[in-house]
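Working notes, structure below.
The values are calculated or read from the model by the stated rules, or taken from the named source; none is laboratory data. Just so we're clear, the structure is a prediction, and the values are computed from it rather than from any experiment. When we count neighbours, we look across all protein chains shown, and the Cβ atoms used for this are built from the backbone with ideal geometry, even at glycine. For the accessible areas, the whole protein counts, side chains as well, though only heavy atoms, and no ligand, DNA or RNA atoms are used. Shrake-Rupley method; radii C 1.70, N 1.55, O 1.52, S 1.80 Å.
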Amino acid sequence: IDKIRSGQKPLSHINVALDPGHLGGRWAKMEERWFQVDDKSPVEEGELTWRVAKILASRLRGLGAEVSFARRHARPMTPLRPDDFRQIARAVLARSGVTDPAENYENADDENREKSVRWQSELLFYRQSEIRYRARRINEFIQPDLVLCLHFNAEAWGDPKNPTLIDRDHFHVLVNGSYLPEELEHDDVRYEMIRRLLSGTYHEELPLADGMAATFAGETGLPPYQYTTDTVTKVGTSGYVFGRNLLATRLYRCPVVYFEPYVMNSNEVFARVEAGDYSGRREINGVLRPSIFREYANAVADGLVEYVQSERPTNARKSD
């Protein structure tokens, strides 16, 4: 971000990488980021984040930024597939005490599925290998000034073919931090944590995330999410930002702002998602609202512009 310079386009000379969370498409059910209400179109988080990313990329480029993607649509960045991890999956299960695991599981309701080779192989594919390959692309090829990780939140929906819709909606942002003792037992986690600490990235990441979160909340009206677990630490002053040890926020070697707005299985968000993308405003449940995809993208872009413009005087003084 220190590359910021004055000009008509406020984001000139900034290289932004967009990381649309998850995969969607044929992988959505495997990721457990899929549900369907009656005969309506399925909701897939990976598809939703991709739609937001395309709109956001256009907006950021119009503001002068250079924009790249950590993934391309629903195609995994990793060349590996779940079957490539079966041997490792058996070793992981053995270390947890499962010495004679089932090869497969029946369905998402199978109470023993987490002890199966198939489930563990899938987990290694989409939660480890895919993110590490995105990190490789970001760190070695794109080398951006910042990464914006785009996600949609959700609460427990039960049976994905007969999901529970709720009335709650909320928003929060994650930055790297809050390492748990059991996580630090792993050599790679300790190494990656120390490397990130020594980079000094956090000193820019937190004010950036805090400022963007405040803008996002102001434009969407979403209340802050309140964690009930000890996996996070609230940081900053906006009330929306938490430190959490996620693989993406740990591996990407630049400031990372990890967005978690909207509850996909809330009644209002589901209605807005089903309405699709559109210009202007439409009546959704009795209220005129913009497209949820454009609202998301615009709130992110506006937050980045506000942060950049607020930092310019300081940067200008440093260069004098």
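Residues in the stretch 70-112 that are of a type in the set (Ser, Thr, Tyr) and at pLDDT 95 or above: 78 alone. Of all residues assigned to the stretch 165-173, none qualifies as being open to solvent by 20 Å² or more (accessible area, probe 1.4 Å), more than 30 Å from residue 294 (Cβ to Cβ) and of a type outside the set (Ser, Thr, Tyr). In the stretch 245-267, is there at least one residue being more than 21 Å from the chain's Cα centre (by Cα) and open to solvent by 40 Å² or more (accessible area, probe 1.4 Å)? The answer is yes, given that some residue of the stretch 245-267 is more than 21 Å from the chain's Cα centre (by Cα) and open to solvent by 40 Å² or more (accessible area, probe 1.4 Å).
Within the stretch 73-89, can you find the residues that are farther than 28 Å from residue 271 by Cβ, open to solvent by 30 Å² or more (accessible area, probe 1.4 Å) and not in a helix (DSSP H, G or I)?
Within the stretch 73-89, 75, 77, 79, 80, 81 qualify.
Residue check: residue 93 meets all listed conditions (1) outside any loop (DSSP other than H, G, I, E, B); (2) open to solvent by 30 Å² or more (accessible area, probe 1.4 Å); (3) more than 30 Å from residue 255 (Cβ to Cβ) but one, namely (2). Inspection of the stretch 209-217 finds no residue satisfying the criterion of being at positive phi and under 22 Å from the mean Cα position of the chain (by Cα). In the stretch 20-59, which residue that is among the polar types (S, T, N, Q) and at pLDDT 95 or above is farthest from residue 72 (Cα to Cα)? My answer is 36. Taking the stretch 80-101 as the range and being closer than 17 Å to residue 30 by Cβ and either free of Cβ contacts under 8 Å to residues at least 24 places away in the same chain or among the basic types (Lys, Arg) (or both) as the test, the residues that pass are 81, 86. Does residue 237 qualify as being in contact (Cβ under 8 Å) with a residue 12 or more places away in the chain and closer than 20 Å to residue 152 by Cα? No, not satisfied.
If you check residue 75 against the conditions, is it touching a residue at least 60 places away in the same chain (Cβ under 8 Å) and not hydrophobic (A, V, I, L, M, F, W, C)? Spelling it out, it is not the case that residue 75 is touching a residue at least 60 places away in the same chain (Cβ under 8 Å) and not hydrophobic (A, V, I, L, M, F, W, C). Exactly one residue out of 301, 271 is at negative phi, among the small types (Gly, Ala, Ser) and touching a residue at least 40 places away in the same chain (Cβ under 8 Å), and it is 301. Taken over the stretch 229-244, the residue count meeting the criterion of being within 16 Å of the chain's Cα centre (by Cα) and among the polar types (S, T, N, Q) is 0. The criterion of being of a type in the set (A, V, I, L, M), at pLDDT 95 or above and open to solvent by 60 Å² or more (accessible area, probe 1.4 Å) holds for residue 288. Does residue 18 count as part of a loop (DSSP other than H, G, I, E, B) and under 28 Å from residue 140 (Cβ atoms)? In short, no.
For residue 141, state whether it is at pLDDT 95 or above and surrounded by fewer than 17 Cβ atoms within 10 Å (Cβ to Cβ). In short, yes.
What's the total number of residues in the stretch 20-62 that are among the acidic types (Asp, Glu), under 16 Å from residue 153 (Cβ atoms) and either open to solvent by 40 Å² or more (accessible area, probe 1.4 Å) or in contact with a Leu (Cβ under 7 Å, 6 or more places away or on another chain) (or both)?
Quick first cut of the stretch 20-62, residues among the acidic types (Asp, Glu) only: 31-32, 38-39, 44-45, 47.
Those still in the list that are under 16 Å from residue 153 (Cβ atoms) too: 31-32, 44-45, 47.
Cutting the leftovers down to either open to solvent by 40 Å² or more (accessible area, probe 1.4 Å) or in contact with a Leu (Cβ under 7 Å, 6 or more places away or on another chain) (or both) gives us 31-32, 47.
Qualifying residue count, the stretch 20-62: 3.
For the stretch 144-164, the set of residues classified as surrounded by fewer than 18 Cβ atoms within 10 Å (Cβ to Cβ) and of a type in the set (S, T, N, Q) consists of 162, 164, listed by residue number.
For residue 204, indicate whether it is under 17 Å from residue 303 (Cα atoms) and open to solvent by 20 Å² or more (accessible area, probe 1.4 Å). When the stated conditions are applied, residue 204 passes them.
Sort out which residues of the stretch 35-72 are in a loop (DSSP other than H, G, I, E, B) and closer than 20 Å to residue 15 by Cα, and write them in order of number. Outline the logic, then answer.
Let us first name the residues in the stretch 35-72 that are in a loop (DSSP other than H, G, I, E, B), namely 36-42, 63-65, 70-71.
Those that are in a loop (DSSP other than H, G, I, E, B) and closer than 20 Å to residue 15 by Cα: 63, 64, 65, 70, 71.
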